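Note sheet for the following structure.
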Amino acid sequence: MKKFVSIAMFALAIAFASNSVFANSVIAAYTCELKDGKEEADVHAQNSKWLKWVRANVNENVESSVGTSIVGDQTIFLFVDTYPDLNTWAATQTALDSDAASELKNLFDDVSECTSNRLWKMTPTK
């Protein structure tokens with residue numbers, strides 16, 4: 001449980017540190033592990049392809065980051081995707097499930113395995 005809370009807090013810190021966090025935005029955070037023989041550069045390359053497709057086909061305001069561990073298990077990393085609103089997140093999920101996204105179906109399978117995810121609604125503190 002302590003490990004999950006640390007990972008979740010790390011994901012939120014990345015989101016808040018990013019200048020792309022919008023008021024009432026939605027953040028999807030995925031906890032993943034590198035597969036044997038793969039490196040952070042492999043993850044970034046695949047995530048870049050994913051983000052380019054999502055921006056071209058859904059919404060150019062979607063952001064994505066890869067969070068890596070500074071201390072501890074460095075095979076674990078996070079994908080943190082920021083959407084301007086819940087509708088954009090839902091439209092992205094629909095688009096990714098369509099035939100148009102067939103090129104992305106197994107995009108991350110060779111480099112990582114994701115074991116958990118959370119969807120966060122971000123509301124700025126006033």
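Tabulated data
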quantity: Sum of side-chain charges, Asp42 neighbourhood, beta-carbon under 15 Å (Lys, Arg +1; Asp, Glu -1); calculated: -4
quantity: Summed side-chain charge close to Ile27 - residues other than Ile27 whose Cβ falls under 15 Å, Lys, Arg +1, Asp, Glu -1; calculated: -1
quantity: Phi to ³J(HN,Hα) by Karplus 6.51 cos²θ - 1.76 cosθ + 1.60 over the range 109-126, Hz, x for Gly, Pro; calculated: 4, 7, 10, 8, 10, 9, 10, 7, 8, 9, 10, 10, 9, 9, 10, x, 7, 9
quantity: Exposure rank, largest accessible area first [Ile70, Ile76; 1.4 Å]; calculated: Ile70, Ile76
quantity: Order by protection proxy (mean Cβ within 10 Å, highest first), peptides 103-113, 85-95; calculated: 85-95, 103-113
quantity: Accessible-area value, Arg55, 1.4 Å probe, nucleic acids and ligands omitted, Å²; calculated: 90
quantity: Förster-model FRET efficiency, 25 Å R0, Leu104 and Glu33, C-beta, rounded to 0.05; calculated: 0.80
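The values are calculated or read from the model by the stated rules, or taken from the named source; none is laboratory data. Worth saying up front: this structure is predicted, and the values here are computed from it rather than measured. We place every Cβ from the backbone using ideal geometry, glycine too, and count neighbours over all the protein chains shown. All accessible areas refer to the heavy atoms of the entire protein, side chains included, with ligands and DNA or RNA removed. Shrake-Rupley method; radii C 1.70, N 1.55, O 1.52, S 1.80 Å.
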